[in-house]
Amino acid sequence: MSVEQVKLQIDRFLKSPAPEVLCIRGHWGAGKTYVWQTAAKALREGKDKVALDQYAYVSLFGVNSISQLRSHILQNTLPRAQIGELVTSDTLRSKLNSLESGVKRSFLGMVGLGGDGIFEAVVSGLSVMISNQIICFDDLERKGPDLRTGDFLGYVNLLALERKCKVVILLNEDALQDADLSEFSDYLEKVVDVSLKFAPTPTQTVDIALEGVKGNLELKAMIQDRCIRLGIDNIRVVRKLLGYAREIEPLLDGYKPAVLNSVISTIVLMGWAHLQPNVAPPKLFLTTKQNFYADMVGNRDGQYSAKEIEWMQLLRNYGYMHTDDFDIALLRGIEDGYFNSDIVKQHATELHQRAEADEAALRLRRAWRNMYDDFSADADKSLAEFSECILSNGRFYELHNVIPVINMFRDLNRKDEGDKLLDAYLPMREGIKDAYSLKDTGLFGNRIDMDVAEKVRGFEKDAKPVFSSDDLFLLLADDGYDSDITQQLSQVPVEDYVRVLETMKGEKLGIVRRALTQYNQLSNPTPAIQNIIRKTGEALTRIGEVSELRRYKVRGWGIAEKIAQLDAAAAQKTNIAG
C-alpha cells in the first residue's frame, strides 16, 4: 500500500472515536513511524481533528511485562494538542492537568509532600486511568524476552474492548522471531481490526528521508537519484548515506564536479552494501568482480547464479561497471567510520585528471563538429578553436588526435601556424609513456609528413618517462621487457622493494608478484632484469626473516631458485673464461 493510501487510513482511524486496533506492517526503515506521526500532527487542530483527547506513543524496546507497559503508556501520554510529538519531562504534569480537579490536587499534593521518591508510586496509581485515548505501540520486534507476544496482544485487546482505546501497532514483521511471528499471526484476526501493508516506492522513501533535511541541495539531489536507481527503500539507510556524502564532500573541494559525482555513486552503492548486507549486493561480490558487464554477457558456462546475474544487471543499469582502488578505499572509510583524507585526495587527483581529459576530448570533438556541420563557418574562427583546444589541453591529446589538426592547417595553407602549434604541443607530453610513438598514428588513416615525423622522433629520443617506484612495479606486469621500465626499476633500492611488497595487498600484490616472477623461466635475462631478480630475492629474504609463516609464503615465489640458476650460469662462464 502506498504512502497516500496509508495516510488516508490513518486519517479515518484518528477522526473516529470508535475503539479500534490498526496494524501498519512494513520492513525496517520504510517510514511507518514517520508517516504515522506526520498524519497525526496534521489532525491536531481544526474542524476534522483527532476524535480522542489524549495520545501516547510507546516503544516496546526492552519492555518485559504488562506492568512496565502500563507505566510506559502513562508516562508517555500527551494531550491532543501534542499528538505526534516526542514525550518531554512535562508528560506527567500534562496527564495530571487532564484529570478532575480533586484527583489532580490529591496527586499533586502527594508529589509535593513526598518529593521525587514518591513519583513512581504516583505513576503506578495513575495507570488504572488509561482509557478513551489513542495509543501507538512501536518496536514489537525489540520487546524484552519476558513479554510474550500473546500477552501483549491480549492487553491490546483489553485496551480496545474494555478501556475504549484506539490502538495502532507499527510492526516490522521481517524482524520478528519465528515464534513471535507465529504467535502474532494466530492473534492477528482476533485482535486487529485493520491490517495495512506499508510498502512505499523507493522514490517515496527517499522523499520522506530527505524531507526537511537542510544542507547542500545538489548533494541531496545526487543521493536521491542514486538511491532511487538502486531501489533503496529504507529511510535510515538513505539518511546515513547522506551523512557519508556530507563527510567526504569537503575533502573533494577544488576538484572537478565529475569527481564528486563519481564518489557519491560509489558511496551510495558501497554504503548500501555495508548497511543492508541482506538486501544489497554483498561487499565481497562488489570488490572481487572487475568487469560486471563482461562477466554477465560472458556467462556461457553458467558459473554465476541467477541472483548474481540480477546484481550485475542492477549495477549495469546504475552505471557501475567495475571496482577500482578508489572504490575499495571508500568502502574502507565507510567501514572504519571516517575517510582518510590523504588516500581520498590521492585518488581524487587521478579522477580529476581523468575528468579534465574527458572535457578536453569533448572540446576537440566539438571543434570538429563546428567546422564540418556549417558550410558558412569562418576559417580563421574554426582554426582558432582548434588552436585553443590544443594549447589549453595538449597534454591530454595523443598524437593521432593532433596530427590531423596539423595536417588541416597545412592543407589550408597555414603551415607556419600548424608548425608553431606542433612545437607548442610536443613539450606538453613529456614524461608520458609512448607519448611520441608514431606506430599507431597511421592506423587511424592519418598522413604523417616527413618533417613532422622527424620532429616527433627528436622528442622521442630525448623524452624518457620517469615513473615513481610504486608505478614501476605495477607497470612491469604489462611491460616487463620495456627497457625504460626495467632499467629504472633495477636502480630502485632494495628498501623500496621491501616496502612495496609489505604494503601492497590483494589484487595489487598479485600484480606485483606476477611482474617480479615473470622472469623465472627466462634463460638469458638482461643485466637490468638480473638486477631486478636479485633485489627481489633480497627483499623476500628480509620479509621472510620476520616469521615462519612469511618464510613459507616467500618460498612459493621461486625467486631463490632463479638466483641459484643465475649464480651457476655466472660461475660456469667464469670457469670457461679461466
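Non-local lysine pairs in the stretch 219-371, meaning eight or more places apart or on different chains, with alpha-carbon distances under 20 Å, amount to 6. Using alpha carbons only, how many degrees (0 to 90, rounded to 10) separate the axis of helix 66-75 from the longest principal axis of the chain? Once rounded, one gets 90 degrees.
Once the C-beta distance of Val494 and Gln353 is scaled by a Förster radius of 25 Å, the resulting FRET efficiency is 0.20 to the nearest 0.05.
So, counting K/R as plus one and D/E as minus one, what does the shell of residues with Cβ under 10 Å around Ala258 add up to?
Taking every other residue near Ala258 into account, the sum is -1.
Normalised size of the chain, defined as Cα radius of gyration per 2.2 N^0.38 Å with N residues, equals 1.45. Charge tally for Ile232 (other residues, Cβ to Cβ under 15 Å; Lys, Arg +1; Asp, Glu -1): +3.
Over the stretch 346-462, the alpha carbon radius of gyration divided by the compact-protein estimate 2.2 N^0.38 Å works out to 1.08.
Take each of the peptides 469-480, 140-151, average the number of other beta-carbon atoms within 10 Å over its residues, and list them starting from the highest. Don't skip to the end; give the middle numbers.
Numbers: 469-480: 18.1, 140-151: 15.9.
Ranked from most to least packed, the peptides come out as 469-480, 140-151.
Backbone N atoms of the stretch 252-287 closer than 12 Å to the 7 Å Cα→Cβ label point of Arg236 belong to residues 275-276.
Over the stretch 204-339, calculate the relative contact order: mean separation of alpha carbon pairs under 8 Å at least 6 apart, over the residue count, as a percent.
Relative CO of the stretch 204-339 lands at 25 percent.
How large is the direction-averaged shadow of the alpha-carbon convex hull of the stretch 210-284, in nm²? Can you show the working numbers first?
Details: hull surface 20.2 nm².
So the mean shadow area of the Cα hull is 5.0 nm².
Length available on full extension from Gln9 to Asp434: 0.36 nm per residue minus the Cα-Cα distance, which gives 146.1 nm. To the nearest 10 degrees, how steeply does helix 399-411 sit against the main Cα axis of the chain, on a 0 to 90 scale? Taking the Cα atoms of the chain, the angle to 399-411 is about 60 degrees.
Using the Cβ-Cβ distance between Ala384 and Ser195 with R0 set to 60 Å, the FRET efficiency from 1/(1 + (r/R0)^6) comes to roughly 0.25. Between Leu188 and Ser483, the contour length at 0.36 nm per residue exceeds the Cα-Cα span by 98.5 nm. For a 19 Å ceiling on Cα separation, which of these pairs sit above it: Lys7/Lys214; Lys508/Lys562; Lys7/Lys143; Lys7/Lys166? Listed pairs above 19 Å: Lys7/Lys214; Lys508/Lys562; Lys7/Lys143.
Local charge sum around Asn64 (other residues, Cβ-Cβ under 9 Å, Lys/Arg +1, Asp/Glu -1)? Here the charged neighbours net out to 0.
Helix-only arithmetic for the chain: the sum of -39500 (n - 2.57) across DSSP H runs with n ≥ 4, divided by the residue total, places the mean residue ellipticity at 222 nm at -19000 deg cm²/dmol.
Relative to the longest principal axis of the Cα atoms of the chain, the long axis of helix 3-15 makes an angle of roughly 20 degrees. A Förster distance of 60 Å, applied to the separation of the beta-carbon atoms of Arg514 and Arg447, puts the FRET efficiency at 0.90. Listed by chain and number, the lysines placed with their C-alpha closer than 25 angstrom to that of Lys455 are Lys415, Lys420, Lys433, Lys439, Lys464; residues fewer than eight positions away on the same chain are left out. Taking one quarter of the surface of the convex hull spanned by the alpha-carbon atoms of the stretch 469-577 gives a direction-averaged projected area of 7.0 nm².
Kirkwood analysis of the Cα pair distances in the stretch 204-339 returns a hydrodynamic radius of 15.4 Å.
None of the figures in this text is laboratory data; all of them are computed from the coordinates on show. None of the values given here were measured: they were computed from a predicted structure. Cβ atoms come from the backbone with ideal geometry, glycine included; neighbour counts cover every protein chain shown.
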